[in-house]
Every structure is written in structure tokens, then in C-alpha cells.
Amino acid sequence: MPSRRHAIADDLRHQISSGHFKPGERLPSEAQLATRYTVSTSTLRSALALLQSEGLVEKIHGNGNFVCRPLHKITYTGGAAALGPWTAFSAHLQMTARTTNVEAPSHLTTLLNVPPRSLLTEILFIAHEGKTPHSLAHIYVPHGLAPATPHLPGQIAVLPACHRLLLAEVQERVSARLPTEEEATTLRISPSLAVLALTRVTTDATGRVIEAALLVLPGDRADALFTTRMTEDGNSKK
């Protein structure tokens, strides 16, 4: 026999799928739902948390719980040909960018191979679909290489064209993990929803690291695709 929270989640899920509650519509208040289902507020919130982790319901603090609108799923293709997670998807995503200068913390000194306390330019990109945050990226560039005006993630051209021609290697690492509290708040997702975390390090022909990008893509709306092409001699070519 399902627990009360699972039974409530099942009923609300059915009402959403049947159209009783429509995308973008606010659900009754938690107090009203708790009364309707004759359960405590904590049990009701636990049921809502299940729907939030599935991407069906979004809780906006101070406004209530809303039925999520279906979000487009994006595919991160990786590699030097796509130096941004939204290269092929900008038609339905809106971007905001914020640039600040920061002293390199220890994990970034290792990634960028710079001395401690080196000055970096941080470019924070947040992609939105409508009013809903979709994904985010922190781009870190040695201060002297940063552009005066940040480009959108699909056009991340942090260097002048002459330098971009000298790019030698793009190394990427992908992992699945739970979001940090800050990431969950920024993306308005459940802390229990796994994200794809991509760390991308770009190196030029001299071996200098010119960019470190930390990308966070919620697992319910993103895939990662990496393609290896074979050469005529049978060797792989990334």
C-alpha cells in the first residue's frame, strides 16, 4: 500500500497529466491541499517534493507551487566545435550575462595553471526558457584575455580571432551529482534532482590554459553527446 505522500503525489500527478491543473497554473496553497487530503503540512510538502524532483511542479518562494511548463531538452555536443552548451539551441533560450573580476580560489588555480590570487574574469551565464531558469555556466578567463563585452554561451569567443586560431585542446569532464544549494536556488530545481556537471578546460598551442568553464545542466532537460570520428587508417579522431 503506497504511503500517504506517494498517494497524494499520484493524485496530483494525475490531475496535472489530465489537464485539471494546466502548465503555468498555481496549485492551491499548501494549507488548502493539506486540508483537502487530511494530512499534515509536512506530509503534503513531502508529496510536493516528489513532484518537484520530477520536474512537474516548481516551488517559487513567496508565490506558491506552480505546474511546470514542458522545457525543451538540450544536448551538449562538446568539443572545440561547440564551445558553449547552448550553441544549437539559442532560438528558444534567452541568455543573461554578468561579468566580475575575482581572485582565483585554489581549485581554479589548478584548472587554469595560474599562481594563487591571480586575477580572473568570471562570466556568469544563465539561460532562461520563458521565465524559467534552464541552465548556467561559470566561465573563468585570465584577466588579460577577457573580452570587454561578454559573448553569449553559444558564441563564447573570449579571445580575439587571432588567438582562437591557436586553440590546441579542449578537455572536458562530465559527472552527475546533486546540485549545490546555490545551484538549486538559481535554477529553481529540487535539491534531489541530479545535474550534469561539465568542467571544460581550453588550452592554446603554447600549452597555456585560456579558459575554464564550469557548466551545470539539470538532468531532466539535458543530455551530453560526444562523437568520435574514425580516420581512413582506422584510428579515432576526436
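The set of residues in segment 100-111 being out of contact with any Leu (no Cβ under 7 Å at 6 or more places or on another chain) and in contact (Cβ under 8 Å) with a residue 60 or more places away in the chain consists of LEU111 alone.
Within segment 41-55, the set of residues being crowded, with 17+ Cβ neighbours inside 10 Å, assigned to a loop (DSSP other than H, G, I, E, B) and at negative phi is empty. Looking across segment 127-136, the residues that are at pLDDT below 90 and either of a type outside the set (D, E, K, R) or outside the structural domain of GLU182 (by TED's automatic domain parsing) (or both) come down to ALA127, HIS128, GLY130, THR132, PRO133, HIS134, SER135. Looking at segment 104-115, can you tell me whether even one residue there is modelled with pLDDT of 70 or more, out of contact with any His (no Cβ under 6 Å at 6 or more places or on another chain) and either outside the structural domain of THR199 (by TED's automatic domain parsing) or assigned to a strand (DSSP E or B) (or both)? No, every residue in segment 104-115 fails to be modelled with pLDDT of 70 or more, out of contact with any His (no Cβ under 6 Å at 6 or more places or on another chain) and either outside the structural domain of THR199 (by TED's automatic domain parsing) or assigned to a strand (DSSP E or B) (or both). Checked across segment 62-69, the condition of being more than 27 Å from ALA222 (Cβ to Cβ), at pLDDT 75 or above and part of a loop (DSSP other than H, G, I, E, B) holds for at least one residue.
The values are calculated or read from the model by the stated rules, or taken from the named source; none is laboratory data. Remember, it's a predicted structure, so these values are computed and weren't measured experimentally. With ideal geometry, Cβ positions are generated from the backbone for all residues, glycine too; neighbour counts draw on all protein chains shown.
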